[in-house]
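Enquirer: Below you will find the structure I want to go over with you.
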Amino acid sequence: MVNKPLISNRVAQIQKSAIHEMTRLSKEVEDVAFLSWAKPTSDTPEHIKEAAIAAIKAGKVGGYSENAGLLPLREEIVKKLKRDNNIDANTAQILLTVGAIEGLSAAIMAIVDPGDEVILPSPTYSTHIRQVVIASGKPVLIPTIEEEGFILDLEAIKKAITPRTKAIVYCSPSNPTGTVFSEQQLRALAEIALEHNLMVITDEAYEYFVFDDHKHFSIASIPEIRRNVISCYTFTKTYAMTGWRLGYLHADEAMIPHITKAHIPFAICAPVVSQYAALGALQGSQSCVSDFREHYLAARNLMCERLDRLSSVFDYQKPGGSYLMFPRILLEEGKDSTAFCIRLLKEGKVSTTPGIAFGPTGQSHLRLSFCVPLDAINKAFDRMEVYFR
């Protein structure tokens, strides 16, 4: 028999997810205080669940939708993009996906050839790196400027561009840092992309959760670059619908059929029951989104206050958005963020995520999630104060 590997090289080279590994390890520890999960602990609002129930009772969810998604839902998304993102769109430019994550995967598969380079600001969401690798592309991680709040290093991005560079992928507000890239920075990034004819793929999952004087800006609202942009959004974060697995993307009309070619083998179509729930989300009251934002703002402020009491252990940049933050570990043992987080879990009973999961510049950091009840934050930090004392 020929001795050859049975696993593809592109998958074999992907490291085990540190996020999911911490979740697995957390199950081995009794009474854990969780700050590691980037998922809302709130339940899905009632009017969204009722829309799904009504569709089920009406017999509407037993079959596939068209690959692009339900037309009435795409019509509502067109309205939302105009109202909230300043993007002029039509229904032929919208594709419903299995969460934003499948939309990002399909978009990257549609444009990246083996050996193509994809620039990602670092630290970045770990799944974005894996998506490039699975497409047989080469992730090029460009450090952000941490001391200025993890903003883009535009000069470093320019210097990183080569003849093999195909795209730039970014997340704003950022996972894991909570940075909201400014309109000024994104307009400058658009100029770079146009100059080199690059695609820009955005992950805008946390678009509604921005704080203080920060404002979310969608790069596809710039008319000159719109043909070069694929913008990915989600219902899962906005409406506490992580389990419903529904997102969507917007791209140039000529690009959608090619992205759909990748979408079909991954998913055929997005879950139909979730599409009807999303229709209820867009057509119903938006007060739930405001309520979530206000809770996350209060939770962020509390987490910052508690971190201030541990200033000998952590230094941090206050996040301008999302429900995540990325403190630097000041202790010597924090140089290995994985070992640090495992010890904190097993000895302090607090679950966090190692910064190394988000790229090499994430080492000596950890990610904390504040999409949890305020009591959960206090519980975790009470334990950390005892542990580090």
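Enquirer: Given the condition more than 20 Å from the chain's Cα centre (by Cα), hydrophobic (A, V, I, L, M, F, W, C), under 30 Å from residue 316 (Cβ atoms) and surrounded by fewer than 19 Cβ atoms within 10 Å (Cβ to Cβ), answer yes or no: does some residue in region 160-169 qualify?
Expert: Yes, region 160-169 has at least one match.
Let's see how each residue does on (1) in contact with a strand residue (DSSP E or B) (Cβ under 8 Å, 6 or more places away or on another chain); (2) assigned to a loop (DSSP other than H, G, I, E, B); (3) at pLDDT 85 or above; (4) surrounded by 20 or more Cβ atoms within 10 Å (Cβ to Cβ):
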| site | (1), (2), (3), (4) |
| --- | --- |
| 20 | no, no, no, no |
| 28 | no, yes, yes, no |
| 41 | no, yes, no, no |
| 47 | no, no, yes, no |
| 54 | no, no, yes, no |
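Enquirer: Can you give me the number of residues within region 204-213 that are surrounded by 24 or more Cβ atoms within 10 Å (Cβ to Cβ) and either polar (S, T, N, Q) or touching a helix residue (DSSP H, G or I) at 6+ places or on another chain (Cβ under 6 Å) (or both)?
Expert: Qualifying residue count for the region: 2.
Enquirer: What number of residues within region 240-270 are surrounded by fewer than 20 Cβ atoms within 10 Å (Cβ to Cβ) and outside any helix (DSSP H, G or I)?
Expert: 5
Enquirer: State which residue is nearest to the chain's Cα centre (by Cα) when the search covers only region 77-90 and only residues that are of a type outside the set (S, T, N, Q) and assigned to a loop (DSSP other than H, G, I, E, B).
Expert: Here the residue is 87.
Enquirer: So which of 122, 105, 136 ends up being on the phi > 0 side of the Ramachandran plot and in contact (Cβ under 8 Å) with a residue 40 or more places away in the chain?
Expert: 136 is the lone residue from the list that is on the phi > 0 side of the Ramachandran plot and in contact (Cβ under 8 Å) with a residue 40 or more places away in the chain.
Enquirer: Could you please find all residues in region 103-117 being surrounded by 23 or more Cβ atoms within 10 Å (Cβ to Cβ) and within 19 Å of the chain's Cα centre (by Cα)?
Expert: 103, 104, 105, 106, 107, 108 - these are the residues of region 103-117 that are surrounded by 23 or more Cβ atoms within 10 Å (Cβ to Cβ) and within 19 Å of the chain's Cα centre (by Cα).
Enquirer: Determine whether region 348-362 contains at least one residue that is charged (D, E, K, R) and out of contact with any strand residue (DSSP E or B) (no Cβ under 7 Å at 6 or more places or on another chain).
Expert: No, there is no match, as no residue in region 348-362 is charged (D, E, K, R) and out of contact with any strand residue (DSSP E or B) (no Cβ under 7 Å at 6 or more places or on another chain).
Enquirer: Give me a count of the residues in region 174-205 that are among the aliphatic types (A, V, I, L, M) and closer than 23 Å to residue 315 by Cβ.
Expert: 1
Per-residue answers, yes or no, for (1) surrounded by 18 or more Cβ atoms within 10 Å (Cβ to Cβ); (2) in contact with a Pro (Cβ under 9 Å, 6 or more places away or on another chain); (3) hydroxyl-bearing (Ser, Thr, Tyr); (4) not in a helix (DSSP H, G or I):
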position: 68; (1), (2), (3), (4): yes, no, no, yes
position: 75; (1), (2), (3), (4): no, no, no, no
position: 92; (1), (2), (3), (4): no, no, no, no
position: 120; (1), (2), (3), (4): yes, yes, no, yes
position: 124; (1), (2), (3), (4): yes, yes, yes, yes
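Enquirer: Something else about it: Given the conditions (1) touching a Leu at 6+ places or on another chain (Cβ under 6 Å); (2) farther than 25 Å from residue 95 by Cβ, which single one is not true for residue 232?
Expert: Here residue 232 meets the rest and fails (2).
Enquirer: Ok, one more. Out of all the residues in region 170-190, is one or more part of a strand (DSSP E or B) and over 18 Å from the mean Cα position of the chain (by Cα)?
Expert: Checking region 170-190: not a single residue is part of a strand (DSSP E or B) and over 18 Å from the mean Cα position of the chain (by Cα).
Enquirer: Would you mind stating whether residue 324 is assigned by TED's automatic domain parsing to the domain that holds residue 31, within 30 Å of residue 14 (Cβ to Cβ) and crowded, with 24+ Cβ neighbours inside 10 Å?
Expert: yes
Enquirer: Can you work out which of the residues in region 128-145 that are β-branched (Val, Ile, Thr) and part of a strand (DSSP E or B) is surrounded by the most Cβ atoms within 10 Å (Cβ to Cβ)?
Expert: Per the stated criteria, the residue is 142.
Enquirer: Given 318, 379, 349, which one is closer than 24 Å to residue 146 by Cβ and modelled with pLDDT of 95 or more?
Expert: Criteria check complete, one pass: 318.
The values are calculated or read from the model by the stated rules, or taken from the named source; none is laboratory data. Computed from a prediction, not measured in an experiment: that's the story for all the values here. For neighbour counting, all protein chains shown are included, and Cβ atoms are generated from backbone atoms with ideal geometry for every residue, glycine included.
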